[in-house]
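The values are calculated or read from the model by the stated rules, or taken from the named source; none is laboratory data. Being a predicted model, the structure only gives us computed values, none of them experimental. Every residue, glycine as well, gets a Cβ built from its backbone with ideal geometry; the counts of neighbours run over all protein chains shown. Only protein heavy atoms, including side chains, enter the accessible area calculation; ligands, DNA and RNA are left aside. Shrake-Rupley method; radii C 1.70, N 1.55, O 1.52, S 1.80 Å.
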Amino acid sequence: MLLIKNAEVYAPASIGKKDILICNEKIELIEDNIEGLPGNCRVMDGEGLLLAPGMIDQHIHVTGGGGEGSFHTRTPELAMSEMIRGGITTAVGLLGTDGITRSVENLYAKTAALNEEGVSAYMLTGAYGYPGPSITGEPDRDILFVKEVLGMKLALSDHRAPNVTPEQLMQISSRVRVAGMLSGKPGVVVLHMGDAPEGLEPVYEVLEMSTLPIRNFRPTHVNRNKVLLEAGYGFLEKGGYVDYTCGMKGQPSPGQCIAEAAKRGLPLAHITISSDGHGSWSSYDEDGTLLDIGVSGVDSLYKELRLMVKDLGMSIEDALGYVTSHVAEALDMYPKKGCIKEGADADMLLFTEHLDLHTVIARGTVMMEGGVLKKMGTYES
């Protein structure tokens with residue numbers, strides 16, 4: 001058991017100074033003052049610290065992504081310590097451009113390893129291409145029968161995309177949705193959005209020609225260019241969800257996009273932020289020649305949270321939602337994840353008053369304390 005005393009709690013809404021008792025990976029009790037516990041209960045002093053839910057990153061290339069600049073540009077696999085240093089307690093892994101040398105079987109193995117090491121990890125089947133790779137041979141069967149698989153990944157409006165027709169997209173999405181319904185999962189199609197001018201038009205065509213709900217589609221990287229960003233605001237207005245990516249070079253940050261969405265009166269609860277960690281960022285000239293390539297870090301989620309509060313003037317509780325409760329609700333994990341509630345998973349962060357990351361707790365285990373890592377991945381020294 002672990003008792004955290006006198007922390008200022010953001011659940012993510014502020015609920016004041018509380019004591020929190022953790023037992024068997026869960027938040028057992030939240031009270032103003034908890035006393036009379038057995039001697040084997042560890043007590044952690046949270047005085048002067050801010051306590052918040054652990055961050056959920058729904059877009060991490062846990063086995064590495066990219067590779068568009070030949071084999072030497074394959075990005076490395078994620079280490080668990082990177083998640084902890086970045087305040088991420090729950091990750092959703094997925095494949096990227098390379099769905100050939102990177103397999104969904106490998107992705108599953110890494111997802112299982114992260115769960116065994118003490119964080120929470122899920123995954124998406126598929127990749128950029130269509131038909132995409134799967135474990136069972138069909139993406140809907142993956143969602144139905146593999147516990148960790150939440151939905152499917154597909155690329156759209158990108159020069160690396162498979163150029164599916166609206167009819168194909170409709171069929172894919174229908175099967176994924178039904179599999180989600182049958183298995184109690186979100187059953188969403190996560191759309192890697194590229195720079196092609198058609199943007200979200202294929203999705204709108206599917207919505208016009210079918211009864212699929214807009215919630216079925218989850219476009220990400222929506223802040224990669226001005227035209228797509230504007231289309232994303234329209235998607236929000238129609239009740240859709242959009243995901244903004246951290247660290248888009250030369251483009252508005254997620255926080256800046258959120259500020260604009262707020263000015264327009266759009267549904268902010270449908271906005272999430274992700275890192276695209278361990279994916280490769282790249283730029284191309286007009287004829288498609290690769291100009292530059294690099295690797296995205298998973299710490300960008302934490303950096304964006306600080307930027308929203310310190311530079312953009314958001315309240316802590318408002319900024320937290322985009323990396324905690326909004327994501328959990330969008331993935332049908334709430335209130336198991338993304339909040340500080342009795343019965344929720346004991347995934348939490350403790351910050352100093354300056355928002356320096358002090359302590360990370362994942363599934364009730366202290367992974368980092370006082371800025372020092374207490375637990376790392378199996379082969380990390």
Hey, if you put +1 on the Cβ of every Lys and Arg and -1 on every Asp and Glu Cβ in the chain, which of Met333, Val190, Leu207 ends up farthest toward the positive end of that dipole?
-> Met333
What fraction of the Cα pairs in the stretch 1-87, stated in percent, has a spacing above 14 angstrom?
-> 72
Cα-based Rg of the stretch 158-222 normalised by 2.2 N^0.38 Å, two decimals | 1.09
Report the local net charge at Leu228: Lys and Arg +1, Asp and Glu -1, summed over other residues whose C-beta lies under 13 Å from its C-beta.
-> -4
For Lys310, which lysines qualify as cross-link partners when the Cα separation must be under 27 Å and same-chain residues fewer than eight apart are set aside?
-> Lys5, Lys17, Lys18, Lys226, Lys249, Lys263, Lys337, Lys341
Cβ charges +1 (Lys, Arg) and -1 (Asp, Glu), total dipole of the stretch 207-304, debye | 440
How big is the shadow of the Cα convex hull of the stretch 200-318, averaged over all directions, in nm²?
-> 8.5
Among all the lysines, which ones have a C-alpha under 18 Å from Lys153's C-alpha, if same-chain residues fewer than 8 places away are not counted?
-> Lys110, Lys185
Could you state the accessible area per residue of the chain in Å², with a 1.4 Å probe and every protein chain left in place?
-> 41
Aspartates and glutamates whose Cα lies under 19 Å from that of Lys374, excluding same-chain neighbours fewer than 8 positions away | Glu25, Asp45, Glu82, Glu116, Glu117, Asp299, Asp347, Asp356
Per principal axis, descending, Cα span of the chain in whole Å = 65, 44, 42
Residue-count net charge about Gly377 - beta-carbon cut-off 14 Å; Lys, Arg +1, Asp, Glu -1 = -1
Dipole size in debye (nearest 20) for the chain around its Cα centre, Lys and Arg Cβ +1, Asp and Glu Cβ -1?
-> 440
If you build the Cα gyration tensor of the stretch 69-223 and take the root of 5 times each eigenvalue, what three semi-axes come out, in whole angstrom, biggest first?
-> 26, 19, 14
Sorted peptide list for 38-48, 129-139, criterion being average Cβ within 10 angstrom, highest first | 129-139, 38-48
Per the helix-only calculation at 222 nm, which mean residue ellipticity applies to the chain, given -39500 (n - 2.57) for every DSSP H run of n ≥ 4 and division by its residues, nearest 500 deg cm²/dmol?
-> -7500 deg cm²/dmol
Would you kindly state how much longer the chain becomes between Lys263 and Thr289 on full extension, computed as 0.36 nm times their sequence separation minus their alpha carbon distance, in nm to one decimal?
-> 5.6 nm
Could you tell me what percent of the DSSP beta bridges with both partners in the chain are antiparallel, to the nearest 5?
-> 50
Surface share of carbon and sulfur [accessible, 1.4 angstrom probe, percent] for the chain | 50
Total formal charge among the other residues, if their Cβ is under 10 angstrom from that of Arg218, Lys/Arg +1 and Asp/Glu -1 | +1
Dipole axis of the chain (+1 Lys, Arg; -1 Asp, Glu on Cβ), positive-most option in Leu305, Ile361, Ser381 = Ile361
Coordinate range along principal axes, alpha carbons of the stretch 295-381, Å, largest first | 38, 31, 30
